[in-house]
Amino acid sequence: MLKGKTALVTGSTSGIGLATARALAADGANLMLNGFGDKAEIEKIRAGIEKEFAVKARYSPADMSKPAEIAAMIHATEQEFGALDVLVNNAGIQHVANIEDFPVEKWDAVIAINLSSAFHTIHVAVAGMKARKWGRIINIASAHGLVASTQKVAYVSAKHGLVGMTKVVALETANSGITCNAICPGWVLTALVQKQIDDRAKASGKTVREEEIALLSEKQPMHQFTRPESVGALAVFLCGDAAASITGAAYSIDGGWVAQ
Ligand code: NAD
C-alpha cells in the first residue's frame, strides 16, 4: 500500500516510534528515522529495517526541541526521497511532579518536544503534501490528550494541545488529499513508562511487577499494556484508502481508560 511513499517518524529509535516505523516499512514505505541513542545501535536498527523490509531507510539526529534542526530534517527527507508523504509526530518525554515543584526547564522541554515539534514539522512539511495532493499526518498523543492525571501538568497540557492541533490541521487540509489524526494510547510498556514504574517501586518498596499492576489498574479497566506494534498497525490503517475520510479524529487505543 505504501510502496514508493516516504514516511518520517520522529523519535523512532525506540518504543512506539520504532514499532510504527517498522509497521510502515513492512507496508512498503521508505523511512526517515529520528531520535536519540547509541550511534551503533541506531545504525543496526536502520540497516536491519532496510534488509528486513527491502525499503530505503535513512536517519536524522535532529533534536525535536530545535526548530531549525526540525526544518532541516524535513528538507533533507524531501531531498533524499523526493517527497515526504507520511509524517508521524511521535517524539516525546515525560516529567512527573506537582505543579509547584515542576522545574521550569522541564516544562519548557516537555512542551517543546511533545507539542511544538509537531507544529514545526507540519509547518514545513504540509506545503509539499498539498502540492502532491496526498499526505498523512499522524500525531501520537495519549489518553492524557483527552483526560488528565496529577503530577503531569506539562505532559497533559502538551497532549491536549496536540489533539487541538490535529483538529486545526485537519480542517485546513480537508480538501487537499491530506488527513491529520491523533492516536491516543493508554499504557504502552516502553522506556518512558518503565522509568515511571521503576521510580514508583523505588519509592514504595514494592516489586516492579506489583507496581506494574498498580499502575495499570489505577487508570485502565483492561489490566494489560497496549503493544507498540498495535499502535503501529493503527497508524498503517490511518494511511490506507479505507481511512481516506477519517480526519481530525483522536483514536483511543487504551484498554478503556477514557471510556470511564
Ligand atoms: P520512548 O522513550 O521509548 O521513545 C521516545 C522517543 O523519542 C525515543 O526515540 C527518543 O530518542 C525520542 N526523543 C526524545 N527526545 C527527543 C528529542 N529532543 N529529539 C528527538 N527525539 C527525541 O517512549 P514511548 O513510550 O515510545 O513514547 C513515544 C510517544 O508515545 C511519546 O510521544 C509518548 O508521549 C507517547 N505515548 C506513550 C505512552 C506509553 O504508555 N508509553 C502512552 C501514550 C502516549
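The values are calculated or read from the model by the stated rules, or taken from the named source; none is laboratory data. Keep in mind that this is a model prediction, so the values were computed, not measured. Virtual Cβ from ideal backbone geometry, glycine too; neighbours counted across all protein chains shown. Accessible surface is based on the protein model in full, side chains and every heavy atom, while ligands, DNA and RNA are left aside. Shrake-Rupley method; radii C 1.70, N 1.55, O 1.52, S 1.80 Å.
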Which order do the peptides 77-87, 42-52 come out in when sorted by mean C-beta neighbours inside 10 angstrom, highest first? 77-87, 42-52
Within the stretch 112-209, list the chymotrypsin sites (Phe, Trp or Tyr not before Pro) lying in a DSSP loop whose Cβ has at most 11 other Cβ atoms in a 10 Å radius. none
What percent do you get for the relative contact order of the chain when only Cα pairs under 8 Å and 6+ apart count? 20 percent
Given the C-alpha centroids of the stretch 3-24 and the stretch 99-154, what is the distance between them in whole angstrom? 17 Å
Only bridges with both residues in the chain count here: give the DSSP antiparallel percent, nearest 5. 0 percent
The answer for chymotrypsin sites (Phe, Trp or Tyr not before Pro) in the stretch 1-80 that fall in a DSSP coil and have at most 14 neighbouring Cβ atoms within 10 Å is Phe36
Taking a 21 Å limit on the Cα-Cα distance, which of the listed pairs Lys152/Lys195; Lys159/Lys195; Lys3/Lys167; Lys159/Lys219 fall beyond it? Lys3/Lys167
Heavy-atom accessible area per residue of the chain, all protein chains kept, 1.4 Å probe, expressed in Å², is 45 Å²
Taking Cα atoms only, helix 117-132 is inclined relative to the longest principal axis of the chain by an angle, in degrees rounded to 10, of 30 degrees
Carbon plus sulfur, as percent of the 1.4 Å-probe accessible area of the chain, comes to 57 percent
Quick one: helix 153-172 against the long Cα principal axis of the chain, what's the angle to the nearest 10°, folded into 0 to 90? 30 degrees
May I ask you to give the average projected area over all directions of the convex hull of the Cα atoms of the chain, in nm² rounded to one decimal? 13.6 nm²
